[in-house]
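Report on the following structure.
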Amino acid sequence: MSEWTVQSDCQNRLTADATVGFAFDTCSGGSLGTITRLGRYLAVVLLVAWGSARTGSTQQPDREATGDEGSGAEAVAATGIVLEVPVPLTDGEAGRLMGQLRSFAENVAGDGRRTIVLRYPSNVSGGSETGFETALKFARAMTSADLRRLKLVSWVEGEVDGHSVLPLLASDLLIVGPGGAIGDASAGESSMDETVTLSYQAIADRRALFPAAVVASMVDPGAELVRVDKVGGGQELVTGEELNRLRGDGEVLREEVWSPSGTPLQLDSRRLRDARIASQVVDSAEDAAELLGLARLESRSTGDAAEEPQGVLVEVTGSIASNRMRRWQSNLSATLDGGKVNTWLVTIDSHGGDLSASSTMAARFARPTAPLQTVAGVVRGEARGDAALIAMACKPLLMMPGATLGGGGADAMPRDRLSDQSELIAQIARETRRPEALIRGLLDRETPVYRYTHRRTGRVRYAAEGEIGREAEDPELERDRWERGERIELDEGLSADDAIALGLADGRVDSVESAARRVGLDQVPPPLSDRRIVRFVERIGRSQSLAFFLLFLGFVMLSSEASAPGIGIPGFISLLCFGCFFWIKFLAGTAEWLELLAFGLGLLCIGIELFVVPGVGIFGVGGVALTMLGVVLMSQTFVIPRNAYQVEVLTKGIWIALGSAAGLVVGIALIRALLPSVPLFRGLVMEAPDGMTIDTRGQLADFTHLEGCDGTATTSLRPSGKARFGDQIVAVVSDGTSVAAGEPIRVIEVRGNRIVVEPREA
């Protein structure tokens with residue numbers, strides 16, 4: 001390792017950590033190992049001062065390049081850009097990446113530099129399929145003069161091998177995740193050409209980030225890579241002739257074999273850090289931003305997908321229930337069977353309803369699997385309650401004017417149920433690069449979320465009280481680094497502008513057509529495969545006026561049937577209206593068999609009261625109550641309201657139930673007042689006979705001769721029935737006393753055709 005390589009490595013490490021102790025450990029090897037202890041200490045102090053001066057002189061241009069303005073002595077920190085690097089890397093993807101990098105470089109103002117993070121995600125695979133010419137072209141572009149205004153940082157979260165390793169050698173800085181690793185560069189190659197080996201070494205020499213011995217072992221699995229402790233002090237990674245020379249000269253005090261001869265090199269995050277190739281191991285984008293001295297990192301798309309987007313429209317509307325979720329899941333899986341659809345455009349206008357069902361959908365949207373590439377979301381009206389979790393899992397998420405994200409929904413979601421979804425929430429935040437605390441705050445309104453600002457870098461972070469510093473080695477020191485700001489109001493949900501400002505939404509659109517174009521589709525894709533009648537009924541079922549009309553008409557027809565029993569037509573229409581109402585609510589996800597049972601029992605009790613035991617009794621009152629209960633429950637997914645939104649929904653449901661039940665009274669009044677005058681419907685109403693007819697009929701049968709006579713009840717009198725007086729059997733009514741068949745009776749009063757009797761003692 002040359003002296004310049006060691007010094008360059010020292011400068012990078014000092015800038016990242018800015019501690020004398022770490023600088024002393026970093027610079028204790030290489031050619032500086034022969035300097036005296038005092039000389040080493042003085043050199044370290046000078047390097048620290050020089051590194052600090054360089055850091056101070058380069059941070060301000062970065063801020064100017066991003067357009068941030070300072071306030072007083074401390075300026076607002078810069079914003080970094082994250083670009084996803086696909087693995088394997090194709091010519092088209094490399095060209096799009098280089099085009100974006102050139103665009104960023106051209107927009108840097110003055111002599112500033114802008115930080116671009118090239119992220120290799122944790123789920124990368126297939127690096128051996130990356131062509132050497134493609135990787136070399138991209139690596140040369142990264143080190144070209146055109147991009148000198150960019151600070152290119154490679155962030156390795158997964159294992160990268162094959163020729164996808166080559167662009168890493170061209171980075172200004174390397175950071176790794178806990179699972180990051182750099183594998184064999186020769187993977188997929190039967191043998192490495194000498195030209196390829198020289199190209200790797202030439203790219204590595206331009207940045208001096210990777211030691212020459214490591215590069216040699218990457219391209220030659222037969223090379224032995226050893227870390228040696230020298231007799232004179234210091235450590236060094238060596239291979240080949242240099243290793244043999246050190247061994248022959250007796251300069252090796254101790255050695256550790258990192259890659260035996262014939263074994264492909266594998267450098268995990270620990271060894272990359274030990275070799276001082278990686279600047280730091282980071283767990284999240286926030287940690288990476290803090291390491292790089294940035295306020296935040298913003299994800300940017302790398303351009304159009306490798307394949308032409310072919311989409312399908314998924315409409316998440318109304319209440320979310322398990323039966324609807326299963327239907328959506330089945331239909332969504334069917335869209336991927338042919339391999340043509342790679343984009344789901346999800347429109348959301350829902351108040352939620354079932355956290356478990358929403359979690360299942362969100363988990364699938366957050367991590368799309370091949371051939372699916374993009375799951376884009378559009379909030380058309382509202383995404384309340386657990387529906388916000390589905391929206392948060394979409395990337396990108398767009399909102400239309402007037403849309404609402406979060407706030408109270410149809411499912412109250414107590415804290416113990418939300419705690420079961422903490423892992424899913426963390427996964428969604430990680431995959432979509434959205435603040436985890438804000439996602440939790442949209443679902444759990446009892447947990448306040450605050451804005452925290454880093455005192456040194458100006459980076460903004462959102463967290464609940466007590467979360468800052470919880471996992472730090474020194475919690476108090478970590479909390480002192482952050483200044484708590486205002487509380488983020490999430491109780492009533494967020495508008496499009498607020499959601500975009502907080503990083504929860506990615507933009508505004510005026511229509512679904514605009515959203516489709518934003519994700520690369522020429523037009524709105526066809527809707528999810530489903531029966532058209534189902535989609536039509538779900539669409540019209542969201543109309544409260546239609547639901548009220550069906551119920552009202554159903555009760556009016558029921559009143560008509562009660563006025564003319566046996567006709568059947570009004571009863572059939574009533575049954576049809578009630579059936580359509582239940583079907584609409586069932587497809588909307590708010591009606592289950594319990595609601596149907598309450599509604600059906602209520603109608604049955606009303607029928608008994610009208611046709612079997614006329615009057616106003618327990619069947620009538622209980623039937624109306626059960627019917628109203630069924631209507632109310634069919635309009636919501638909960639039983640007892642637990643938030644303001646649920647109270648509002650319950651109130652609307654009660655008014656609909658009361659208004660529709662009033663159809664019984666209105667129906668009876670209309671039938672009796674209007675229909676008798678209409679010739680076509682005159683037969684549907686039983687007309688009451690006039691008084692003259694009654695008198696005439698009463699004169700045809702004279703029972704005054706029975707007054708005071710004794711007889712025998714031939715049927716039970718409760719209170720009406722029949723009795724025998726001599727050879728004559730007539731209809732009688734008891735005086736209110738129940739009389740069994742066969743008991744003796746006496747006539748106490750005769751009024752026309754009405755014969756009143758009482759029991760007679762034998």
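Going through ALA185, ALA275, ALA213, ALA288 one at a time, which residue ends up being under 18 Å from LEU118 (Cα atoms), out of contact with any Cys (no Cβ under 8 Å at 6 or more places or on another chain) and not charged (D, E, K, R)?
Values: ALA185 fails: under 18 Å from LEU118 (Cα atoms); ALA275 fails: under 18 Å from LEU118 (Cα atoms); ALA213 fails: under 18 Å from LEU118 (Cα atoms).
When all the criteria are applied, what remains is ALA288.
Give me a count of the residues in segment 427-437 that are assigned to a helix (DSSP H, G or I), touching a residue at least 40 places away in the same chain (Cβ under 8 Å) and open to solvent by less than 20 Å² (accessible area, probe 1.4 Å).
Within segment 427-437, the first condition is being assigned to a helix (DSSP H, G or I), and the residues that meet it are 427-432, 436-437.
Among the residues that remain, those that are also touching a residue at least 40 places away in the same chain (Cβ under 8 Å) are: 427-428, 430-432.
Going one step further and asking which of them are open to solvent by less than 20 Å² (accessible area, probe 1.4 Å), we end up with 428, 432.
Residues flagged as assigned to a helix (DSSP H, G or I), touching a residue at least 40 places away in the same chain (Cβ under 8 Å) and open to solvent by less than 20 Å² (accessible area, probe 1.4 Å) within segment 427-437 amount to 2.
With the checklist (1) crowded, with 22+ Cβ neighbours inside 10 Å; (2) basic (Lys, Arg); (3) out of contact with any strand residue (DSSP E or B) (no Cβ under 6 Å at 6 or more places or on another chain) in hand, flag the one item ARG415 doesn't pass.
It is condition (1) that ARG415 fails.
Would you mind listing the helices (runs of 4 or more DSSP H) fully within segment 78-182 where at least 1 residues are in contact (Cβ under 8 Å) with a residue 40 or more places away in the chain, of a type outside the set (Val, Ile, Thr) and farther than 22 Å from ARG207 by Cα? Full working, then the answer.
Numbers: elements: 91-106, 132-142, 166-169.
Those helices (runs of 4 or more DSSP H) span 91-106.
Would you point out which residue out of ALA94, ALA78 is in contact with a Ser or Thr (Cβ under 8 Å, 6 or more places away or on another chain), over 26 Å from HIS454 (Cβ atoms) and at pLDDT below 90? Full working, then the answer.
Working: ALA78 fails: over 26 Å from HIS454 (Cβ atoms).
Sole residue among the options that is in contact with a Ser or Thr (Cβ under 8 Å, 6 or more places away or on another chain), over 26 Å from HIS454 (Cβ atoms) and at pLDDT below 90: ALA94.
Picking from VAL312, VAL282, which residue would you name as being at pLDDT 90 or above, within 43 Å of the chain's Cα centre (by Cα) and either of a type outside the set (Lys, Arg) or surrounded by 14 or more Cβ atoms within 10 Å (Cβ to Cβ) (or both)? Let's see the steps before the verdict.
Details: VAL312 fails: at pLDDT 90 or above.
One residue alone meets the criteria, VAL282.
Can you tell me how many residues within segment 219-264 are over 27 Å from TYR200 (Cα atoms), buried (at least 16 other Cβ atoms within 10 Å of the Cβ) and among the charged types (D, E, K, R)?
The total comes to 1.
What number of residues within segment 716-762 satisfy the criterion of being outside any strand (DSSP E or B), among the small types (Gly, Ala, Ser) and touching a residue at least 24 places away in the same chain (Cβ under 8 Å)? Reasoning before the result, please.
Taking segment 716-762 as the starting set, the residues that turn out to be outside any strand (DSSP E or B) are 716, 718-719, 726-727, 735-738, 740-743, 752-753, 760-762.
Next cut, among the small types (Gly, Ala, Ser) only: 716, 726, 736, 738, 740-742, 752, 762.
Filter again for touching a residue at least 24 places away in the same chain (Cβ under 8 Å), leaving 716, 740-742, 752.
Adding up the residues that qualify gives 5.
Just to be sure I understand, how many residues within segment 199-209 are at pLDDT 90 or above and either among the hydrophobic types (A, V, I, L, M, F, W, C) or touching a Lys or Arg at 6+ places or on another chain (Cβ under 6 Å) (or both)?
Of the residues in that region, 4 qualify.
Inspect segment 511-524 for any residue being aliphatic (A, V, I, L, M), part of a loop (DSSP other than H, G, I, E, B) and either under 18 Å from ILE348 (Cα atoms) or open to solvent by 40 Å² or more (accessible area, probe 1.4 Å) (or both) and give the result as yes or no. Lay out the reasoning, then the answer.
Taking segment 511-524 as the starting set, the residues that turn out to be aliphatic (A, V, I, L, M) are 512, 515-516, 519, 521, 524.
Okay, now just the ones that are also part of a loop (DSSP other than H, G, I, E, B), so 519, 521, 524.
Now drop any that are not either under 18 Å from ILE348 (Cα atoms) or open to solvent by 40 Å² or more (accessible area, probe 1.4 Å) (or both), which leaves 519, 524.
Within segment 511-524, one or more residues are aliphatic (A, V, I, L, M), part of a loop (DSSP other than H, G, I, E, B) and either under 18 Å from ILE348 (Cα atoms) or open to solvent by 40 Å² or more (accessible area, probe 1.4 Å) (or both).
Look through segment 702-720, keep the residues that are of a type outside the set (Gly, Ala, Ser) and open to solvent by less than 50 Å² (accessible area, probe 1.4 Å), and return whichever of them is nearest to ASN753 (Cα to Cα). Can you show your working first?
Our first condition is that a residue be of a type outside the set (Gly, Ala, Ser); within segment 702-720, this holds for 702-707, 709-710, 712, 714-715, 717-719.
Within this subset, residues satisfying the condition of being open to solvent by less than 50 Å² (accessible area, probe 1.4 Å) are 703, 706, 709, 717.
Working: PHE703: 7, LEU706: 11, CYS709: 16, LEU717: 17 Å.
Residue satisfying both the conditions and the ranking: PHE703.
How do the pairs read when you match residues in segment 248-263 that are at pLDDT below 85 and assigned to a loop (DSSP other than H, G, I, E, B) with residues anywhere that are of a type in the set (A, V, I, L, M, F, W, C) and open to solvent by 70 Å² or more (accessible area, probe 1.4 Å), using Cβ under 7 Å and keeping only pairs 6 or more apart or on different chains?
GLU251/VAL231
Here is a list of conditions, (1) at pLDDT below 60; (2) open to solvent by less than 50 Å² (accessible area, probe 1.4 Å); (3) aliphatic (A, V, I, L, M), and ILE694 meets all of them except one; can you say which number that is?
Condition not satisfied by ILE694: (2).
Looking at segment 450-487 only, could you name the residues that are in contact with an Asp or Glu (Cβ under 8 Å, 6 or more places away or on another chain), under 19 Å from GLY80 (Cβ atoms) and part of a strand (DSSP E or B)?
Answer for segment 450-487, where residues must be in contact with an Asp or Glu (Cβ under 8 Å, 6 or more places away or on another chain), under 19 Å from GLY80 (Cβ atoms) and part of a strand (DSSP E or B): TYR452, THR453, HIS454, ARG461.
Give the number of residues within segment 183-209 that are open to solvent by less than 10 Å² (accessible area, probe 1.4 Å), in contact (Cβ under 8 Å) with a residue 60 or more places away in the chain and assigned to a helix (DSSP H, G or I).
1
Within segment 210-229, is there a residue that is in a strand (DSSP E or B) and modelled with pLDDT under 85?
Narrowing segment 210-229 to residues in a strand (DSSP E or B): 225-229.
Cutting the leftovers down to modelled with pLDDT under 85 gives us none.
Checked against the condition, which is being in a strand (DSSP E or B) and modelled with pLDDT under 85, segment 210-229 yields no hits at all.
Which residue out of LEU101, LEU42, LEU46 is modelled with pLDDT of 50 or more and out of contact with any Pro (no Cβ under 6 Å at 6 or more places or on another chain)?
Numbers: LEU42 fails: modelled with pLDDT of 50 or more; LEU46 fails: modelled with pLDDT of 50 or more.
Within the list LEU101, LEU42, LEU46, the selection yields LEU101.
Return the only residue of SER356, SER350 being within 18 Å of LEU442 (Cβ to Cβ), buried (at least 21 other Cβ atoms within 10 Å of the Cβ) and of a type in the set (S, T, N, Q). Don't jump to the end; show me each part of the working.
Values: SER356 fails: buried (at least 21 other Cβ atoms within 10 Å of the Cβ).
Within the list SER356, SER350, the selection yields SER350.
Can you pull out the residues in segment 265-277 that are assigned to a loop (DSSP other than H, G, I, E, B), out of contact with any Lys or Arg (no Cβ under 9 Å at 6 or more places or on another chain) and either more than 17 Å from LEU168 (Cβ to Cβ) or open to solvent by less than 70 Å² (accessible area, probe 1.4 Å) (or both)?
First, pick out the residues of segment 265-277 that are assigned to a loop (DSSP other than H, G, I, E, B): 265-266, 275-277.
Still in the list and also out of contact with any Lys or Arg (no Cβ under 9 Å at 6 or more places or on another chain): 265-266.
Answer for segment 265-277, where residues must be assigned to a loop (DSSP other than H, G, I, E, B), out of contact with any Lys or Arg (no Cβ under 9 Å at 6 or more places or on another chain) and either more than 17 Å from LEU168 (Cβ to Cβ) or open to solvent by less than 70 Å² (accessible area, probe 1.4 Å) (or both): just LEU265.
Right, ALA598: modelled with pLDDT under 70 and crowded, with 18+ Cβ neighbours inside 10 Å or not?
Working: modelled with pLDDT under 70: no; crowded, with 18+ Cβ neighbours inside 10 Å: yes.
So ALA598 does not fit the description; no.
Quick check: anything in segment 511-522 touching a helix residue (DSSP H, G or I) at 6+ places or on another chain (Cβ under 9 Å) and on the phi > 0 side of the Ramachandran plot?
Checked segment 511-522: no residue is touching a helix residue (DSSP H, G or I) at 6+ places or on another chain (Cβ under 9 Å) and on the phi > 0 side of the Ramachandran plot.
Go through segment 143-168 residue by residue and tally those that are polar (S, T, N, Q) and open to solvent by 10 Å² or more (accessible area, probe 1.4 Å). Give the derivation first.
Pass one, segment 143-168, residues polar (S, T, N, Q): 143-144, 154, 164.
When the remaining residues are screened for being open to solvent by 10 Å² or more (accessible area, probe 1.4 Å), the result is 143-144.
Of the residues in segment 143-168, 2 are polar (S, T, N, Q) and open to solvent by 10 Å² or more (accessible area, probe 1.4 Å).
Which residue is farthest from LEU267 (Cα to Cα), if the candidates are limited to segment 169-180 and must be hydrophobic (A, V, I, L, M, F, W, C) and open to solvent by less than 10 Å² (accessible area, probe 1.4 Å)?
Residue satisfying both the conditions and the ranking: ALA170.
May I ask you to verify whether ARG440 is at pLDDT below 90 and outside any strand (DSSP E or B)?
Numbers: at pLDDT below 90: yes; outside any strand (DSSP E or B): yes.
So ARG440 passes the test.
The values are calculated or read from the model by the stated rules, or taken from the named source; none is laboratory data. Being a predicted model, the structure only gives us computed values, none of them experimental. All Cβ positions, glycine included, derive from the backbone under ideal geometry; neighbour counts span all protein chains shown. Just the protein is used for accessible areas: all its heavy atoms, side chains included, with ligands, DNA and RNA removed. Shrake-Rupley method; radii C 1.70, N 1.55, O 1.52, S 1.80 Å.
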